[in-house]
Amino acid sequence: MSKTVLYARVSTIDQTAAHQLTQARQAGFVVDEVVTDEGVSGVSTALRERPQGRRLFDMLRAGDTLLVRWVDRLGRNYADVTDNVREFMRRGVVIKTIINGMSFDGSTRDPMQMAVRDALIGFMAAMAQAQAEAMKEAQRAGIEHAKSQDRARVYKGRKPSYTRAELQTVLEMLAANSGASDIAKVTGLTRQTVLRIRADQAGADEALRAWGM
């Protein structure tokens with residue numbers, strides 16, 4: 001009997017597996033099992049090197065569905081993501097994303113459909129890597145800024161109305177070209193907050209750091 005497995009990579013305190021499961025259910029998915037990797041860096045650790053990432057390759061069978069929040073959960077960079085997606089498809093596993101409801105499987109044999117599917121996989125993997133690099137750059141900038149100032153004497157501004165996990169979701173959906181209204185619906189944030197984050201992504205990350213979030 002086929003099953004749907006949610007793979008949740010949890011790298012921060014706010015990015016809980018329960019939160020990702022709630023998002024999946026809100027998007028209409030029925031999840032049979034949740035596999036979670038905690039405290040694992042998504043930008044430095046390949047999927048096969050993660051404790052539970054290895055388990056996915058052992059447990060998933062043809063006809064099963066692998067559900068992930070976004071394709072960046074399936075690798076550390078462009079090559080890792082595309083290789084893993086294609087390997088799962090070769091095994092007959094269907095891959096679906098919670099954000100934007102994308103679906104990838106290897107059932108088609110039409111050359112044109114295969115070319116379009118593979119091009120889309122490559123495009124999404126490239127966006128995931130670009131977003132990861134942008135986040136790392138924003139974090140480096142925040143760290144350097146923190147080092148150059150005495151935070152106890154700097155006005156921190158208004159406390160952000162979003163958490164680290166919500167910011168991550170907003171950035172991922174922006175990278176997927178989702179609209180502000182759709183992002184607000186998924187995250188529970190106001191549309192104005194989403195627009196402010198979109199206008200200054202690095203500033204949004206720095207605001208969280210200023211408040212120790």
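Looking across the stretch 10-21 at every residue that is within 23 Å of Asp182 (Cα to Cα) and surrounded by 12 or more Cβ atoms within 10 Å (Cβ to Cβ), the one that is modelled with the lowest pLDDT is identified as Asp14. Inspection of the stretch 185-196 finds no residue satisfying the criterion of being in a helix (DSSP H, G or I), closer than 21 Å to Ile98 by Cβ, modelled with pLDDT of 70 or more and in contact with a strand residue (DSSP E or B) (Cβ under 7 Å, 6 or more places away or on another chain). I'm trying to understand the selection: among the residues of the stretch 41-84, which are under 24 Å from Asn100 (Cα atoms), in a helix (DSSP H, G or I) and among the acidic types (Asp, Glu)? Those that are under 24 Å from Asn100 (Cα atoms), in a helix (DSSP H, G or I) and among the acidic types (Asp, Glu): Asp72, Asp80, Asp83. The set of residues from the stretch 158-195 being under 16 Å from Thr22 (Cβ atoms) and of a type in the set (Lys, Arg) comprises just one member, Lys185. From the list Asp58, Asp83, Asp37, the lone residue that is at pLDDT 85 or above, buried (at least 18 other Cβ atoms within 10 Å of the Cβ) and out of contact with any Asp or Glu (no Cβ under 9 Å at 6 or more places or on another chain) is Asp37. In the stretch 98-127, the qualifying residues are those that are charged (D, E, K, R) and outside any helix (DSSP H, G or I), and the one that is nearest to Gly63 (Cα to Cα) is Asp105.
The values are calculated or read from the model by the stated rules, or taken from the named source; none is laboratory data. The model shown is predicted, which means the values in this text are computed figures rather than measured ones. Neighbour counts run over all protein chains shown; Cβ positions are idealised from the backbone, glycine included.
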